[in-house]
Amino acid sequence: MSHALHEPILDWYSAHRRDLPWRTPDASAWAVVVSEFMLQQTPVVRVLPVYQAWLRRWPTPAALAADEPGEAVRMWGRLGYPRRALRLHGAAVAMVERHDGEVPSTHADLLALPGVGEYTAAAVASFAFGQRHIVLDTNVRRVIGRAIDGVEYPPQATTPAERRTATTLLPAAAETAATWAVAIMELGALVCTAKSPKCVGCPVAALCAWRLAGKPAYEGPPRRGQTYAGTDRQVRGRLLAVLRDSPGPVSQSALDAAWDEPVQRARALDGLVADGLVEPLAAGVYRLPAGPLSGSTSSPRRSDSSESASSSVSPTR
C-alpha cells in the first residue's frame with residue numbers, strides 16, 4: 001500500500017500546496033529553522049507576520065546570536081510558548097559557536113542544537129537539505145493512522161509501530177522522500193483534519209482503511225483540549241506583554257496591574273524567572289533577559305514542551 005499512496009498524495013500536493021515563504025526555492029536553511037520553531041503548536045496564519053518580521057531583523061543565525069535573548073522574546077510577541085524564542089536564540093548561538101554561523105546539514109548536528117528535538121531535526125534535514133528522514137508531526141500521524149491503521153486518531157505519543165510504518169512509507173529517493181514528508185503533512189493540515197476531514201476531496205479516500213471501515217469512532221483515552229482563560233499560562237502571557245511593551249525594566253507595580261490575583265500572579269512570575277524569560281534586577285524591578293545566551297551552556301539540549309511528545313507538534317500548520 002505504501003507505493004499506492006505515493007503518487008496520489010504527491011500529485012495532490014503538486015496541485016494544492018500552499019504558497020508559503022519557507023517553501024520557496026530561495027528560502028534559506030535558517031528560514032526553515034525559524035519556521036519550524038514557530039509552527040510548533042501555532043497555526044500558519046499567526047506565524048506568517050512574526051516569521052517575516054523575524055527574518056527582516058535577523059536574516060542569519062549570526063544576526064540573532066549577536067542580539068540579546070530578551071529581544072527574541074520581545075519579537076516573539078503573542079505566538080505563545082515563548083520559551084521557543086529563547087531556544088531559537090540558543091540554537092543560533094550554537095550555530096555561530098560550532099558551525100561558523102551556518103545551519104548544520106546533518107541530522108545528528110541538528111539534533112545536538114539547543115531546543116531541537118527529533119521532529120525538528122528531521123524536518124529541517126528534509127525541508128532545508130532534501131534528505132531522507134521520517135517527519136512525524138500530528139498531521140502526518142493522523143493521515144497514517146487513518147489511511148493505514150484504520151483509526152480516527154493516533155496515540156497521544158508516537159509509538160515504535162508508527163515509526164516503523166512511517167519508515168516503510170518513505171520513498172527510496174531522498175528528493176522524493178523530502179517532498180513526500182511535506183506532502184503528507186500538507187494533506188493532514190488541509191484535508192485529513194482532526195475535526196472535519198474532507199474525505200470527498202482526499203486523493204487517497206479509496207485506499208483509506210478508516211473510511212472503508214465506516215469511520216469507526218475513536219476509542220482511545222480522552223483527548224483533552226487545552227484551556228487558556230484563567231490559567232497560569234494566561235497570566236504569564238499578561239506579564240510578558242508588559243515587559244515586551246516596555247523599552248526598559250518594569251516595576252513590580254506595573255506587573256501587579258496586569259493580573260489581580262496575587263498568588264497566581266506571583267507563581268506565574270516565579271515560573272517566568274525560572275524559565276529564563278524574565279530577569280529580576282533590584283527588588284521589585286524586572287526586565288527581559290539580557291546578555292547573549294551560550295548555546296553550549298545556557299540552553300539545555302532538549303526540545304520545547306511543544307516537541308516533548310511528537311503528537312503535539314504542529315497540529316494546525
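The values are calculated or read from the model by the stated rules, or taken from the named source; none is laboratory data. Just so it is clear, the structure is predicted and the values come from calculations on it, not from any experiment. FYI the Cβ positions are ideal-geometry reconstructions off the backbone, even for glycines, and counts take in every protein chain you see. These area figures cover heavy atoms from the full protein model, side chains too; ligands, DNA and RNA do not enter into them. Shrake-Rupley method; radii C 1.70, N 1.55, O 1.52, S 1.80 Å.
Checked against the criterion of being farther than 20 Å from ARG287 by Cβ, crowded, with 24+ Cβ neighbours inside 10 Å and either free of Cβ contacts under 8 Å to residues at least 40 places away in the same chain or small (Gly, Ala, Ser) (or both), the candidates ALA63, ALA94, ALA85 yield just one match: ALA94. Which of the residues spanning segment 178-234 are within 30 Å of PRO82 (Cβ to Cβ), assigned to a loop (DSSP other than H, G, I, E, B) and acidic (Asp, Glu)? If the condition is that a residue be within 30 Å of PRO82 (Cβ to Cβ), assigned to a loop (DSSP other than H, G, I, E, B) and acidic (Asp, Glu), then no residue fits.
Summed over segment 221-264, the residues that are open to solvent by 50 Å² or more (accessible area, probe 1.4 Å) and touching a Phe, Trp or Tyr at 6+ places or on another chain (Cβ under 7 Å) give a count of 3.
Only one of these is in contact with a Ser or Thr (Cβ under 8 Å, 6 or more places away or on another chain) and surrounded by fewer than 22 Cβ atoms within 10 Å (Cβ to Cβ): ASP109, ASP100, ASP149. Name it.
On the way: ASP109 fails: in contact with a Ser or Thr (Cβ under 8 Å, 6 or more places away or on another chain); ASP100 fails: in contact with a Ser or Thr (Cβ under 8 Å, 6 or more places away or on another chain).
Selected residue: ASP149, the only one of ASP109, ASP100, ASP149 that is in contact with a Ser or Thr (Cβ under 8 Å, 6 or more places away or on another chain) and surrounded by fewer than 22 Cβ atoms within 10 Å (Cβ to Cβ).
When the residues of segment 126-141 are narrowed to those that are open to solvent by 10 Å² or more (accessible area, probe 1.4 Å) and part of a helix (DSSP H, G or I), which ends up nearest to ASP26 (Cα to Cα)? Looking at the filtered set, the residue picked out is ALA128.
Here is a yes/no grid of residues against (1) hydrophobic (A, V, I, L, M, F, W, C); (2) farther than 22 Å from PRO289 by Cβ; (3) at pLDDT 95 or above:
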position	(1), (2), (3)
TRP58	yes, no, yes
ALA62	yes, no, yes
ALA72	yes, no, yes
ARG87	no, no, yes
VAL103	yes, yes, yes
PRO114	no, no, no
